[in-house]
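The values are calculated or read from the model by the stated rules, or taken from the named source; none is laboratory data. Since this is a predicted model, take the numbers as computed values, not measurements. Neighbour counts are summed over all protein chains in view; Cβ atoms, including those assigned to glycine, are modelled from backbone coordinates with ideal geometry.
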Amino acid sequence: MRWLETSAENCTVHRTLDLVGEKWSLLLIRDAMNGVRRFDDFRRHVGLSEAVLADRLRKLVAAGILETVAYREQGRRTRHEYRLTRKGWDLWPTMIALKQWGDRYTADPEGPPLEVRHADCGEPLRAVVVCAEDHGPLNPREARTRPGPSAQSLG
């Protein structure tokens, strides 16, 4: 079965984009990865309306990417902050890859506005593709796509 003979109905890329492929969702995930936790901080930093922000956060919580944790400041009512779950943190390599691409093709002439570096040696991070046997980095010509266990033929 070749790609054009394979149904894309159960494509995991499509399913992933249904969860996180919307611009604001990715920006909220980016901010959460950089320590933003509270509704008002997300709103101020990302610049979303309250209604859109509440909707996106609700969807990310429902998808298991964020979780809510109650907190209470002295003299105030209980509120919730948003923290990445393991599922959310598993998007970190994807975010590094998006940042790497953006740094190469969309950064200001002076360079990127944010650097992510290895805590031990201080060198910049980069996303690479390797196989399960640690061969790599690989380029697209060194990979082959084939139908997986849940592939369905068109028809």
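List of remarks:
- Meets criteria (modelled with pLDDT under 95, exposed (fewer than 14 other Cβ atoms within 10 Å of the Cβ) and either of a type outside the set (F, W, Y) or in contact with a helix residue (DSSP H, G or I) (Cβ under 9 Å, 6 or more places away or on another chain) (or both)) for G64: no
- Test: residue in the stretch 7-28 that is closer than 18 Å to E81 by Cβ and in contact with a strand residue (DSSP E or B) (Cβ under 7 Å, 6 or more places away or on another chain): no
- Number of the exception - R83 against (1) buried (at least 16 other Cβ atoms within 10 Å of the Cβ); (2) touching a strand residue (DSSP E or B) at 6+ places or on another chain (Cβ under 7 Å); (3) among the charged types (D, E, K, R): (1)
Here is a yes/no grid of residues against (1) more than 30 Å from L154 (Cβ to Cβ); (2) of a type in the set (D, E, K, R):
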{"site": "L4", "(1), (2)": "no, no"}
{"site": "L19", "(1), (2)": "no, no"}
{"site": "L28", "(1), (2)": "yes, no"}
{"site": "L57", "(1), (2)": "yes, no"}
{"site": "E67", "(1), (2)": "yes, yes"}
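- Counting the residues of the stretch 45-77 that are closer than 24 Å to V116 by Cα, of a type in the set (V, I, T) and in a strand (DSSP E or B) gives 0.
- Residue in the stretch 142-155 that is more than 29 Å from R15 (Cα to Cα) and not in a loop (DSSP other than H, G, I, E, B) present: no
- Candidates in the stretch 78-126 are the residues that are assigned to a strand (DSSP E or B) and within 29 Å of A54 (Cα to Cα); of these, the one that is nearest to the chain's Cα centre (by Cα) is L84.
- The stretch 8-44: number of residues that are closer than 30 Å to P147 by Cα, without any contact (Cβ under 8 Å) to a residue 24 or more places away in the chain and part of a helix (DSSP H, G or I): 8
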